[in-house]
Amino acid sequence: MARTSIVIDRDFTIGDVPRRLFGSFVEHMGRCVYTGIYEPGHPEADERGFRRDVLALVKELGPTVVRYPGGNFVSGYLWEDGVGPVEDRPRRLDGAWHTIETNAFGLHEFVEWAREADVEVMEAVNLGTRGVEEARALVEYANHPGGTYWSDLRRRNGAAEPFDIRLWCLGNELDGPWQIGHKTAHEYGRLAQETAKAMRFVDPTIELVAVGSSNRQMPTFGSWEHTVLTHAYDEVDYVSMHAYYQEHDGDAASFLAEAVDMDEFIEGVVSTIDAVRAAGKHRKRVDISFDEWNVWYQHGLETDDQPHLVSRQWREHPRLIEDTYNVTDAVVVGTFLHSLLRHGDRVRIANQAQLVNVIAPIRSEEGGPAWRQTIFWPFARIAEHARGRILRLAVDAPRVPTAKFGDVPAVDAAATWDEETGRVAVFVANRSLDESHEAVVDLRGLSVTGVRSAEMIRVPDDGDRRTANTQAEPDRVGLVPVEVQLEDDGCRIPLPPISWAVVVLDVERA
Ligand code: AHR
């Protein structure tokens, strides 16, 4: 068995754990809202149409903040369509996903659902087809107490108290030609600057996210962020990042190492932000909102898997990109969360895309059950246990070859220390396809008094790394116990090939 040394010193920290790192995303896309979180008439629906079974899984998953209502959808969305008496709301064509939007679910419903789910709302405004006026009206509607046109309309629509939404996205992926209202960096930078200013005139306490590149492969990546921030640095608090990954042509080794790409992508955006900061002599620091990330098998989009996008038949809540995730995907998702934690000093918000059905950790069927996908587990455990401070690790791991990244460390890890509860949480993945590893964790400045929990996700005994949970077998893949060997100042964690483990240790200051 190969050995990896992980040295953890309680005094070497990256910063506090930003709890908004464990965010998710609800878009009006496919069946995320309709027959996902909301399905009036379902046996599990409450009187508002919220599915209780899905809500229970969301609470177990533990997202802290949920972005809404898009995504590409928001770039053609009229938010006023989704407020007021449901019977008066218009049915519209959503051009982003070629779908009929009934508007039965809108802002009030989402805010109520978010309260029920105990998550913060992160609201996106439409800067595709709309601009400054509609965005500032929405802030007034949502956050102003009353006595004005928009705030009184909210009150008449049943919400006497403001929604008090702090986090706002200034549009979505406007660098992408596929986006309704696609813009150049100059056009978007000026619009973001003026919209941010006007929104802040209504509510100075809000936090604003400017649109960054849709992915690292965009031809404008880097120059987009630079130009947008040159215009809007003073007005915004975050720049967004989006990234989706998938296994290509059975190259599991490269896929398992994609957190290397995520690390480099984040570090590239940080460099660009800081270059604008230095050149502009800004004192304020802009951070990152990684508000879309996940595994997404994009090969079938708009072809055989998505016939409605081709046949142009307008339908309500069609099945869209309902990826089924396997054990390998779960290990990769674990390493993405490690990458986000490693950069938690600058990535202050992150949202896994999306929450239910659409490339999601939770699946549900119309009139039927809801279940956890494999990727549910690393998210749920890291969201639960990553608390206190992020520790800066010294990892010395044997390397494994990959076609995409060359040799990479076989073992990838992150850890946090919560002094209040006296717990260190170690998250660790073995990316090797065929070799078992032992992670030897050496704690400095802390002594271990016990193991609180130790679980892992791994390839089942039949050796099929593509094993997944399905409606027929919803619990095929779950967390299993790990035999952790305790030592005076640490522990040893056995890691079979393609596995992800979470070990929570009880510790005290040494
Ligand atoms: O999450 C699915 C889609 O991916 C979002 O609508 C868009 O922002 C991104 O391209």
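The values are calculated or read from the model by the stated rules, or taken from the named source; none is laboratory data. Just so it is clear, the model here is predicted, and its values are computed rather than measured. Virtual Cβ from ideal backbone geometry, glycine too; neighbours counted across all protein chains shown. Accessible surface areas use protein heavy atoms only, side chains included; no ligands, DNA or RNA. Shrake-Rupley method; radii C 1.70, N 1.55, O 1.52, S 1.80 Å.
Using 0.36 nm times the number of residues separating D461 and D164, minus their current alpha carbon distance, what extension gain do you get? Please report the intermediate quantities before stating the final value.
Values: separation 297, 0.36 × 297 = 106.92 nm, distance 5.00 nm.
101.9 nm is the gain from fully extending D461 to D164.
So for E116, E187, what's the accessible-area order with a 1.4 Å probe, most first?
Ranked from most to least accessible, the order is E187, E116.
I'd like to know which of P494, F50, I390 lies farthest towards the positive end of the charge dipole of the chain, counting +1 on Cβ of Lys and Arg and -1 on Cβ of Asp and Glu.
Comparing the listed Cα positions along the dipole, I390 ranks first.
Please report how far the C-alpha centroid of region 402-433 lies from that of region 104-141, rounded to the nearest whole angstrom.
So the two Cα centres are separated by 36 Å.
Go through G95, V260, G146 and say which Cα lies farthest out towards the positive end of the charge dipole of region 18-385; charges sit on Cβ, +1 for Lys and Arg, -1 for Asp and Glu.
G146
What FRET efficiency comes out for L433 versus E60 if R0 is 25 angstrom and r is the Cβ-Cβ distance? Round to the nearest 0.05.
Once rounded, the FRET efficiency stands at 0.25.
Quick one: 3J(HN,Hα) in Hz for region 36-51, Karplus 6.51/-1.76/1.60 with θ = phi - 60°, rounded, Gly and Pro as x.
My calculation for region 36-51 gives x, 7, 10, 7, x, x, 5, x, 9, 6, 7, 5, 8, x, 6, 6 Hz in order.
May I ask you to list the aspartates and glutamates whose Cα is less than 17 Å away from that of K59, ignoring any residue fewer than eight positions away on the same chain?
The qualifying aspartates and glutamates are E44, D46, E112, E116, D118, E120, E384.
Hey, can you find the accessible area per residue of region 18-385 for me, probe 1.4 Å, expressed in square angstrom?
34
For region 54-143, what does the relative contact order come out to in percent, with C-alpha contacts under 8 Å and a separation of six or more?
Contact order relative to length: 37 percent.
For D475 and F12, compute 0.36 nm times the residue count separating them, minus their Cα-Cα distance, and round to one decimal in nm. Provide the component values of the computation, followed by the final result.
Working: separation 463, 0.36 × 463 = 166.68 nm, distance 3.88 nm.
The D475-F12 span can extend by a further 162.8 nm.
Relative contact order of region 201-266: what whole-number percent is it, with Cα pairs under 8 angstrom and at least 6 residues apart? It would help to have the intermediate numbers written out before the result.
Details: 52 pairs, mean separation 23.0, N = 66.
That works out to 35 percent.
For the chain, which whole-number percentage of the solvent-accessible area (1.4 Å probe, protein heavy atoms only) is attributable to carbon and sulfur atoms?
47
Can you work out the Karplus-derived ³J(HN,Hα) for every residue in region 352-357? Use 6.51 cos²θ - 1.76 cosθ + 1.60 with θ = phi - 60°, whole Hz, and x for glycine or proline.
Once rounded to whole Hz, the list reads 6, 10, 10, 8, 10, 6.
Using a Förster radius of 41 Å, what is the FRET efficiency between R315 and E420 based on their Cβ-Cβ separation? Nearest 0.05, please.
Efficiency at R0 = 41 Å is approximately 0.20.
Give the aspartates and glutamates reachable from K281 as a straight Cα distance under 18 Å; neighbours fewer than 8 places away on the same chain don't count.
The reachable aspartates and glutamates, counting only those whose Cα sits under 18 Å from K281, are E225, D234, E235, D237.
Could you tell me how far the Cα centroid of region 5-52 sits from the Cα centroid of region 153-183, in Å?
If you average the Cα positions of each part, the centres end up 19 Å apart.
Pop the C-beta distance of R156 and K284 into the FRET formula with R0 = 30 Å and round what comes out to the nearest 0.05.
Once the sixth-power term is evaluated, E becomes 0.20.
With a ≥ b ≥ c the root eigenvalues of the C-alpha gyration tensor of region 102-166, is it rounded (a/c under 1.5), prolate (a/b larger than b/c) or oblate?
Oblate, since a/c reaches 1.5 and b/c is not below a/b.
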